[in-house]
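Everything below concerns the one structure shown next.
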Amino acid sequence: MKKMSFLALALLLTAGLAHALLPSFGIKGGVNMAKFYGSDVQKAEYRTGVSGGAFACLDLIALKLQPEILYSQKGTKSDLMVKANYLEIPVLAKFSFGKIIVPSIYAGPSFGRLLSASVDGLDVKDYYNSTDLGLILGAEVKLPVKISVEARYNMGLSKVPKESMGVKLDAKNSAISVLLG
């Protein structure tokens with residue numbers, strides 16, 4: 001009888017753990033307010049764009065791992081309008097609290113691939129680095145109706161412009177995003 005009870009308990013725990021490790025999937029979209037920052041950036045203003053894509057969330061009991069794939073419009077406004085569009089892959093470590101309304105905080109690296117870039121309508125993609133590494137910090141609230149609202153800051157770690165004629169400009173991406181998932 002003890003063996004049967006132990007076996008039943010082991011099966012229940014295994015089933016619960018297997019269920020917890022199954023990923024959940026979703027989509028999200030929202031608004032980016034992006035601008036360049038760095039020692040060579042002057043008079044930068046926020047450029048409004050969109051951000052959206054898909055995510056998977058793997059519940060590892062103590063924390064969640066959430067890889068995403070997003071289209072993200074970045075750039076900056078100054079005397080010129082700079083537009084830079086990226087395909088981004090953030091991988092976020094997420095800590096959640098609560099049961100019904102679930103607030104979370106998260107952080108993680110982001111890898112971006114430049115899709116297009118223009119300055120006042122002129123193509124400048126060849127003058128920009130094709131990759132953009134960043135760090136994301138954010139918070140999310142998941143509602144009982146399976147809708148989430150989140151705000152995040154994406155701080156670029158890579159310089160946006162390529163070195164040209166021995167000149168390395170210090171201009172990096174930054175973005176504040178508000179997303180609905």
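How would Thr76, Thr131, Thr48 line up by accessible area, probe 1.4 Å, largest first?
Ranked list, largest accessible area first: Thr48, Thr131, Thr76.
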query: On full extension of the chain, what length is gained from Leu115 through Ile147, given 0.36 nm per residue of separation minus the C-alpha to C-alpha distance?
result: 8.6 nm
task: Would you mind telling me the share, in percent, of accessible area of the chain contributed by carbon and sulfur at probe 1.4 angstrom?
output: 70 percent
- prompt: Where the Cα atoms of region 109-181 are projected onto their three principal axes, how long is each span, largest first, in whole Å?
  reply: 55, 24, 17
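Under a point-charge model restricted to the Cβ atoms of Lys and Arg (+1) and Asp and Glu (-1), what is the dipole moment magnitude of the chain relative to its Cα centre, in debye to the nearest 20? Working shown, then result.
Values: 21 positive and 14 negative charges, 136 e Å.
Dipole magnitude for the chain comes out near 660 debye.
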message: Please list, ordered by chain and number, the residues whose modelled amide H lies under 5 Å from the amide H of Val160; skip anything fewer than 5 residues away on the same chain.
response: Ala171, Lys172, Asn173
query: Which entries in Lys77/Lys172; Lys28/Lys99; Lys64/Lys172; Lys35/Lys125; Lys35/Lys168; Lys83/Lys168 show an alpha-carbon gap greater than 24 Å?
result: Lys64/Lys172
task: Before anything else, pin down the relative contact order of region 70-177: Cα pairs under 8 Å, at least 6 apart, normalised by residue count, whole percent.
output: 21 percent
statement: The long-range amide H neighbours of Asp40, using H built 1.01 Å from N in the peptide plane and a cut-off of under 5 Å, are Asp170
task: Please compute P(r) over all alpha-carbon pairs of the chain, binned at 10 Å starting from zero, and give each bin as a whole-number percent.
output: 9, 33, 26, 16, 8, 4, 2, 1, 0
- prompt: What is the distance, in nm, between label points placed 7 Å from the Cα along the Cα-to-Cβ direction at Asp126 and at Ala107?
  reply: 4.1 nm
- prompt: Length gain on complete extension for the stretch Asp79 to Asp40, per 0.36 nm per residue less the alpha carbon to alpha carbon distance?
  reply: 12.6 nm
- prompt: What is the calculated FRET efficiency for Leu60 to Leu135, with r their C-beta to C-beta distance and R₀ = 22 Å, to the nearest 0.05?
  reply: 0.60
- prompt: Within a Cβ distance under 15 Å of Ile61, other residues only, what is the Lys/Arg minus Asp/Glu net charge?
  reply: +2
- request: Compute the label zone of Leu180 within region 51-68: residues whose backbone N is under 19 Å from the point 7 Å along Cα-to-Cβ.
  value: 51-55
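The values are calculated or read from the model by the stated rules, or taken from the named source; none is laboratory data. Please read these numbers as outputs of a predicted model, since none were measured by experiment. Here Cβ is always computed from backbone atoms with ideal geometry, including for glycine, and neighbour counts include all displayed protein chains. In case anyone asks, the SASA skips ligands and DNA or RNA and just uses the protein heavy atoms, side chains included. Shrake-Rupley method; radii C 1.70, N 1.55, O 1.52, S 1.80 Å.
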